[in-house]
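First comes the structure, then the notes that go with it.
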Amino acid sequence: MPRILLCGLALTLAAVTVRAGDQPATAPVTKPIDVVICLDVSNSMDGLIASAKHKLWDIVNDLARAQPTPDLRVALYSYGHNGYDPAVGWVRKDLDLTSDLDEVYRKLNSLTTNGGTEYVARVCRDALKDLKWSPAKDGLRIVFVCGNEPASQDPLVKLADVATQAKNRDVIINPIYCGGTNDGDAADWKQFAVMTGGRFASIDQNRGAVTVATPFDKELGELSGKINTTYLAYGKDGLDRAKNQVAQDANALQASGAAAAGRAAVKGGALYKASDWDLVDRVKEDPTFDVTKVPVEELPEEMKKLKPEERTAFIKKKAEERDAIRKQIGEITTQREAFLKEHEKRNPAPADKAFDAAIRDMLREQAAPKGIKMP
């Protein structure tokens, strides 16, 4: 073979090798998990809402350790409030399915209690028909409906009909009764669980607000604030979203140091996403995103004086800072979890479940058939 042809062949093979090596790595496998929380906000349910505020972040942390990593979306409904529209059964959709966990927590913290007409079937039916559930066959779609009155109060919407709709959509409904397992009012909730293929749980709504302080909570809270400095808010509502991030840090801390520590762990993990308002996450999620084309007025203050060609390097630096803080959060969270496990061994929980324990058990059990393993 002529020498020039050999050289040409070698160069061609080298080019092919380089191109093959430049191919992006296969995207990590994820599975969609849609979680809808329906909370009774009648007069007696302050403990339930407090429990959700305290424990939301710990529940999300459990989900963050699932394999494969979930594509998590959460929606929030409340029902039974006298201030809601009686024409729709005193039911309100507070938040559509979203991956914005800050917004979930903001809505959760805005809930108030006042009322006494709780239509369990109505709120579940509305969640089934109004939300844009994931169509994935291997996706996990779950409703947790919590309350303390008979579940069959609704004169128009029947539990059996809602159960049929849920099964047709491959949605599991888990009824959580806030009271004793053997209460007369618990009977409807148990029946509803059988109809939906979900799981019944009875909880002491006030126990869920009990938290365990650890020596690691304060440092995690501080790291939660520190990681905020690595977010680069862009776009028309970027600044508002950044302010909401800080506001929900404050809400978690107001709930308890443990809640703030749990939130820090979430912010250090894969389920806390901000690509629609943060440039670091946006560039990481979409390598084709051209930061040089973002209008100056939509950039964060610290980037407005940068030349377009300097923006990429600045974002990379912030990404490196965030990775370092996330590593710290991960290491300290591991120590905190070991402390909590040891505390649990020394202080066994009572037989009745708390809010977060009921939800965690259900998630673990119902994720397995979808090929999702939870710790």
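Nothing in this text is a laboratory measurement; each read-out follows from the coordinates by a stated rule. Keep in mind the model is a prediction, meaning the values are calculated, not measured. Note that we place each Cβ from the backbone using ideal geometry, even for glycine, and neighbour counts take in every protein chain shown.
Of the residues contained in the stretch 227-235, one or more are found to be within 26 Å of ALA50 (Cβ to Cβ) and either among the polar types (S, T, N, Q) or in a loop (DSSP other than H, G, I, E, B) (or both). Of the residues making up the stretch 215-223, at least one is of a type in the set (Gly, Ala, Ser) and crowded, with 18+ Cβ neighbours inside 10 Å.
Candidates are the residues of the stretch 253-267 that are more than 19 Å from PHE339 (Cβ to Cβ) and in contact (Cβ under 8 Å) with a residue 40 or more places away in the chain; the one that is surrounded by the fewest Cβ atoms within 10 Å (Cβ to Cβ) is ALA255.
Scanning the stretch 108-126 for residues that are under 17 Å from the mean Cα position of the chain (by Cα) and buried (at least 19 other Cβ atoms within 10 Å of the Cβ) yields a count of 1. For the condition under 21 Å from the mean Cα position of the chain (by Cα) and either crowded, with 22+ Cβ neighbours inside 10 Å or over 21 Å from MET374 (Cβ atoms) (or both), TYR177 does not qualify.
Among the residues of the stretch 294-319, how many are in contact (Cβ under 8 Å) with a residue 40 or more places away in the chain and not hydrophobic (A, V, I, L, M, F, W, C)? Adding up the residues that qualify gives 4. In the set (1) surrounded by fewer than 20 Cβ atoms within 10 Å (Cβ to Cβ); (2) in contact with a strand residue (DSSP E or B) (Cβ under 7 Å, 6 or more places away or on another chain); (3) closer than 18 Å to LEU271 by Cα, THR334 fails one condition alone, (2).
Would you confirm, using the coordinates I've provided, whether ALA201 is crowded, with 17+ Cβ neighbours inside 10 Å and farther than 20 Å from ASP130 by Cβ? For ALA201, the condition - crowded, with 17+ Cβ neighbours inside 10 Å and farther than 20 Å from ASP130 by Cβ - is met. Does the stretch 197-205 contain at least one residue that is over 22 Å from the mean Cα position of the chain (by Cα) and more than 30 Å from ARG263 (Cβ to Cβ)? Checked against the condition, which is being over 22 Å from the mean Cα position of the chain (by Cα) and more than 30 Å from ARG263 (Cβ to Cβ), the stretch 197-205 yields at least one hit.
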